[in-house]
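Before any comments, here is the structure.
The values are calculated or read from the model by the stated rules, or taken from the named source; none is laboratory data. Fair warning: this is a prediction, and the values are worked out from it, not measured in the lab. Neighbour counts are summed over all protein chains in view; Cβ atoms, including those assigned to glycine, are modelled from backbone coordinates with ideal geometry. Note: accessible area is taken over every heavy atom of the protein model, side chains too, but ligands, DNA and RNA are not part of it. Shrake-Rupley method; radii C 1.70, N 1.55, O 1.52, S 1.80 Å.
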Amino acid sequence: MPQGKLIVISGPSGAGKTSICNKLLELLPNARWSVSATTRPIRNGEADGESYEFISRDEFLRRKQNGEFLETAEYLGELYGTPLAPIREAVEHGEHIILEIEVQGGKQVAEKMPESIRVFILPPTMETLKARLAGRKTESQQQQAKRLAEADGEIGFARDNRCYDHFVTNDELDSTVAEITRIIDQQ
Ligand code: 5GP
């Protein structure tokens, strides 16, 4: 049975990670999405158990204490974590698993699973990032500003910590996805 690959996609909010991951799931046979747990409030249009499992801070800390996460991180005051069990299951079944996570988590995965494929998505310009964040209308203006302020730090962190082997600029979705598919095939 071919070995399942652990694929990490990171990048600042608004860089296009979710669209990229959705396309990858369509294109890659045998790939599944890792559903993270988070303490952040559910957004309009989200369903519990689909994009995330939405849990309380107490429950998150209990699971963390219990060793149930591969990695965890705090982003703008909320906790996010990747459950370990589905990753073990995917690898056992020879399936690829896609993690859309931020950079502190990417660093932990690089340390714990160096064989993982880690890709950092860059926006073509900071102006594009700002426009994309505004265009998706999922956050208030204040939240958008916080996410934008976070972006420089995330890009710097990814470069300084050398936890990503690949940096891909998301100019146009299809060519970005094609480039990432090539990276996955080669590794
Ligand atoms: P959002 O609130 O926009 O859904 O996610 C905020 C940030 O947290 C994004 O960069 C997203 O990729 C990241 N994120 C989502 N789930 C996880 C996770 O399980 N672990 C880590 N480290 N980051 C996550």
Hits in the stretch 107-122 (condition: within 13 Å of the ligand (Cβ to nearest atom), more than 16 Å from LEU84 (Cβ to Cβ) and open to solvent by less than 10 Å² (accessible area, probe 1.4 Å)): VAL119, PHE120, ILE121
Which of the strands (runs of 3 or more DSSP E) found entirely inside the stretch 1-104 contain at least 1 residues meeting this: loosely packed, with under 15 Cβ neighbours inside 10 Å and within 14 Å of the ligand (Cβ to nearest atom)? 69-75, 78-83
Working only within the stretch 136-187, note down all residues that are of a type in the set (Val, Ile, Thr), assigned to a helix (DSSP H, G or I) and touching a helix residue (DSSP H, G or I) at 6+ places or on another chain (Cβ under 7 Å). THR176, VAL177, ILE180, THR181
Conditions (1) closer than 25 Å to SER140 by Cα; (2) in contact (Cβ under 8 Å) with a residue 24 or more places away in the chain; number of the one not met by ILE7: (1)
Considering the stretch 131-142 alone, what residues qualify as being open to solvent by 90 Å² or more (accessible area, probe 1.4 Å) and more than 19 Å from the chain's Cα centre (by Cα)? LYS137, GLN141, GLN142
Given (1) surrounded by 16 or more Cβ atoms within 10 Å (Cβ to Cβ); (2) over 24 Å from LEU24 (Cα atoms); (3) over 14 Å from the mean Cα position of the chain (by Cα), number of the condition GLY156 does not satisfy: (1)
